[in-house]
1. Among the candidates Asp129, Asp110, single out the residue that is farther than 21 Å from Asn38 by Cβ, surrounded by 14 or more Cβ atoms within 10 Å (Cβ to Cβ) and either basic (Lys, Arg) or modelled with pLDDT of 95 or more (or both).
2. Any idea which residue in the range 24-56 is surrounded by the fewest Cβ atoms within 10 Å (Cβ to Cβ), counting only those that are touching a Lys or Arg at 6+ places or on another chain (Cβ under 7 Å) and over 25 Å from Glu301 (Cα atoms)?
3. Does the range 70-88 contain at least one residue that is more than 23 Å from the chain's Cα centre (by Cα), assigned by TED's automatic domain parsing to the domain that holds Val32, on the phi > 0 side of the Ramachandran plot and part of a loop (DSSP other than H, G, I, E, B)?
4. Select, from Val13, Val18, Val37, Val52, the only residue that is within 26 Å of Leu140 (Cβ to Cβ), among the aliphatic types (A, V, I, L, M) and not in a loop (DSSP other than H, G, I, E, B).
5. Show me the helices (runs of 4 or more DSSP H) entirely contained within the range 209-297 in which 1 or more residues are touching a helix residue (DSSP H, G or I) at 6+ places or on another chain (Cβ under 8 Å) and farther than 30 Å from Phe183 by Cα.
6. Looking only at the range 166-183, count how many residues are surrounded by 15 or more Cβ atoms within 10 Å (Cβ to Cβ) and over 17 Å from Phe311 (Cβ atoms).
7. Sort through Leu242, Leu256, Leu224, Leu202 and tell me the only one that's in contact with a Lys or Arg (Cβ under 7 Å, 6 or more places away or on another chain) and either modelled with pLDDT of 95 or more or small (Gly, Ala, Ser) (or both).
Amino acid sequence: MQTRTFDLLTPHVVLGAVESAYGLSLDGTLSVYPSYVNRVYGLATDGGAPYVAKFYRPGRWSEEAILEEHRFVLDCAGEELPVVPPLADRDGATLASVTADEGDREETFDFALYPRKGGRSFDAESDEDWVRLGALVGRLHAVGARLQAAHRLACVPEASTAAFLEELEEAGVVPAKHAGEFFGLAREALSGIVPLFTGVGLQRIHGDCHRGNILDRPGEGLLLIDFDDMMSGPAVQDLWLLLPDRAGASRRELELILEGYEDFFPFARDSLRLIEPLRLMRLIYYLAWSSRQRDDRRFRESNPGWGGEAFWIKEIEDLRDQLAAIAEED
């Protein structure tokens, strides 16, 4: 499956859509933020008020799925978690849309508007920093557990990874001489990790909770951003991405994270066995995600070697390494 493009999303369309939906008078400037999946822009009103507009890639999420993302962020904001909630438009909705056309082509783009909040990257250095990270995620999960997300991805291998492998196979992106080895290893791994998720509790989680999505705002503290990959999954998914290395080499950091986390929400420590299987699932997810972007100009420019023979040889090597890491955990 290849995603639809943003070819018709011109600056004129972006500015006009935001002005119309939100009743703003913009100064005409537009800053393009780095994003392959969506299109994200910085803009400002004539009075200098800064905003960020996120235009969702058409066809990626249903309207219901996007609204579940917004609901989660708004729930967090209601509990005074440091997040950036979407703003309501003239009709009181957090999701607007615009249809662009050119000749016989037409495309509809869903979009949302946010206040612009900057910050510097947060590098955990002290024990207190790791505890702070854990506390942030614990508070997040305490809110996330209150509702389910029926329209979002379920982060379990039979519901996600299996579909991503089928997508890669159907796309034909793996060269024929390597396809048998790659898919053989991947499906061997999949069959091995499926039983590990039996009985594991799922709830609303961030889904992409690495330190790049946590900013430090001087005088305010940490800010958790980018809920685009919000999903229904095991709590540990939002913890292992924070670690500086594999769990076995990050035991101290993990304990400090859990210390902060458990001050706000209970954690099932037996789910730590899922960290390496989740790392494997993320590897396959990222390949499927990249495959969808392969015809995007920005993606091609940033990843010139993607999909070549050398690329897949390296991916097969990484897959073997990850299988070995999972085996060591048994």
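1. Numbers: Asp110 fails: farther than 21 Å from Asn38 by Cβ.
Matching residue, one of Asp129, Asp110: Asp129.
2. Within the range 24-56, the subset touching a Lys or Arg at 6+ places or on another chain (Cβ under 7 Å) is 36-38, 40, 42, 50-52, 55.
Among the residues that remain, those that are also over 25 Å from Glu301 (Cα atoms) are: 50-51.
Details: Pro50: 14, Tyr51: 18.
Per the criteria, the residue is Pro50.
3. Applying the first criterion (more than 23 Å from the chain's Cα centre (by Cα)) to the range 70-88 yields none.
Among the residues of the range 70-88, not one is more than 23 Å from the chain's Cα centre (by Cα), assigned by TED's automatic domain parsing to the domain that holds Val32, on the phi > 0 side of the Ramachandran plot and part of a loop (DSSP other than H, G, I, E, B), which makes the answer no.
4. Values: Val13 fails: within 26 Å of Leu140 (Cβ to Cβ); Val18 fails: within 26 Å of Leu140 (Cβ to Cβ); Val37 fails: not in a loop (DSSP other than H, G, I, E, B).
So the residue among Val13, Val18, Val37, Val52 that is within 26 Å of Leu140 (Cβ to Cβ), among the aliphatic types (A, V, I, L, M) and not in a loop (DSSP other than H, G, I, E, B) is Val52.
5. 251-261
6. Residues flagged as surrounded by 15 or more Cβ atoms within 10 Å (Cβ to Cβ) and over 17 Å from Phe311 (Cβ atoms) within the range 166-183 amount to 1.
7. Details: Leu256 fails: in contact with a Lys or Arg (Cβ under 7 Å, 6 or more places away or on another chain); Leu224 fails: in contact with a Lys or Arg (Cβ under 7 Å, 6 or more places away or on another chain); Leu202 fails: in contact with a Lys or Arg (Cβ under 7 Å, 6 or more places away or on another chain).
Unique residue meeting the criteria: Leu242.
Residue-by-condition table, conditions (1) among the hydroxyl-bearing types (Ser, Thr, Tyr); (2) more than 20 Å from the chain's Cα centre (by Cα); (3) farther than 28 Å from Gly199 by Cβ:
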| residue | (1), (2), (3) |
| --- | --- |
| Pro266 | no, yes, no |
| Leu283 | no, no, no |
| Ala288 | no, no, no |
| Arg292 | no, no, yes |
| Glu301 | no, yes, yes |
| Glu309 | no, yes, yes |
| Glu317 | no, yes, yes |
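The values are calculated or read from the model by the stated rules, or taken from the named source; none is laboratory data. Bear in mind that the values here come from a model prediction, so they are computed numbers and not experimental data. Here Cβ is always computed from backbone atoms with ideal geometry, including for glycine, and neighbour counts include all displayed protein chains.
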